[in-house]
Structures are given as C-alpha cells and as structure tokens.
1. Here are the criteria: (1) on the phi > 0 side of the Ramachandran plot; (2) modelled with pLDDT of 95 or more. Tell me which single one L45 does not satisfy.
2. Tell me, which residue of the stretch 104-150 that is touching a Gly at 6+ places or on another chain (Cβ under 7 Å) and not hydroxyl-bearing (S, T, Y) is farthest from I76 (Cα to Cα)?
3. Among residues belonging to the stretch 143-175 that are within 16 Å of N67 (Cα to Cα) and not hydrophobic (A, V, I, L, M, F, W, C), point out the one that is farthest from the chain's Cα centre (by Cα).
4. Could you list, in sequence order, the residues of the stretch 75-96 that are free of Cβ contacts under 8 Å to residues at least 40 places away in the same chain and of a type in the set (D, E, K, R)?
5. For the stretch 33-48, enumerate the residues that are assigned to a strand (DSSP E or B) and surrounded by 14 or more Cβ atoms within 10 Å (Cβ to Cβ).
6. Go through (1) at pLDDT below 95; (2) in contact with a helix residue (DSSP H, G or I) (Cβ under 8 Å, 6 or more places away or on another chain) and name the single condition V57 misses.
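The values are calculated or read from the model by the stated rules, or taken from the named source; none is laboratory data. Model, not experiment: these values are computed from the prediction. Here Cβ is always computed from backbone atoms with ideal geometry, including for glycine, and neighbour counts include all displayed protein chains.
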Amino acid sequence: MNRNVLLTNAESDPINLFKNWFEEASISELNDPNAMNLSTISKDLKPSSRMVLLKDVSQNGFTFYTNHNSKKGKSINENPNVALNFHWKSLLRQVRIEGKAKKVLTDEADEYYNSRAEDSKIGAWASSQSSELSSREELENKIKYYKKKFENKKITRPSFWIGYRVEPDLIEFTF
C-alpha cells in the first residue's frame, strides 16, 4: 500500500524529514542514494529529464552542479521551474520536489569545486555537456590538453560550471 504525505514549507519541516530519509537511504542503497531525477522544460515547452547528483541539502533547498551551457542549464536559465525525484527502491520510498532553481553564489560554487578530485575538475573543463562528440578520441584529447594546461597549477573552476539550488514549493513523500 502506497501512502503519500504532501508537505509544504508552511505546514511543517519537510527538509528534516528528507534528511532522515536520505540518511536511511545512504545506508541501504547500493549505489548513489544522492541520485535524483531532474526535470526541466525547454523554451519550446518540451519536458526533459535526466539524473543528477544531490551535493547539498539545507533549509535553503537542494543543490547540484552542472555546466550551465548544457541542455539542462539552458532550460533552467529560460524557465527556472523544475521538478526533482528521489527513488530509494530498497526503502520503498520516493520524494518528489517542485520548485525554482537558482544559481548558487560564486564563492559556494568555488568551494565545492575545490573539494573535488583532480580528475573531476579536469572533466568539468573537458566535457561539453549535451554536445555531440565526433569520437571518444576528441574527449580524450581534451582531457590530455587540460591536464597539461593545469600541470603544476591550481585547477580553477570554469565560469560555465555552476551550482543550482532548487528552492522547494512542494515536497511530497511516498512510502
């Protein structure tokens, strides 16, 4: 039997309930308990969904990072209304979120970027998200180029690599 509990920020504290469920999922899920489906709407009103990784949750919302030149980044910039969905199969639970995505501050994006592994930083520079590659070799060459460019230097955050925080209007818990 599925039961839905619909909470809004005005009614109670759904963020704490989410954190409790997320903590349980972090123990029971084999892979990526922070994986969430992000749905956006394009300029021509076509929906699009893809998986992204939650990097922070607070009373301010749910944060993830991406290339703002990607399809999802362009869609968010044109229409900030988004939906998130977490599905934790091992717990038979789901959390659905609707809200507005807003860019995080530069300092916050820098802080998170600087906490990433070197290969992840290089990947941010080398990957043109949502762009078609002519070959795998093209990406491998870009990775080599950026590794050489940043050899013995600090790998700075590319200006196109940013964070978005989804400020929820609605959070629905299903169990």
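1. The single condition L45 does not satisfy is (2).
2. Top of the filtered list is E108.
3. This residue is T156.
4. E78
5. A35, M36, N37, L38, S39, T40, I41
6. Failing condition for V57: (1).
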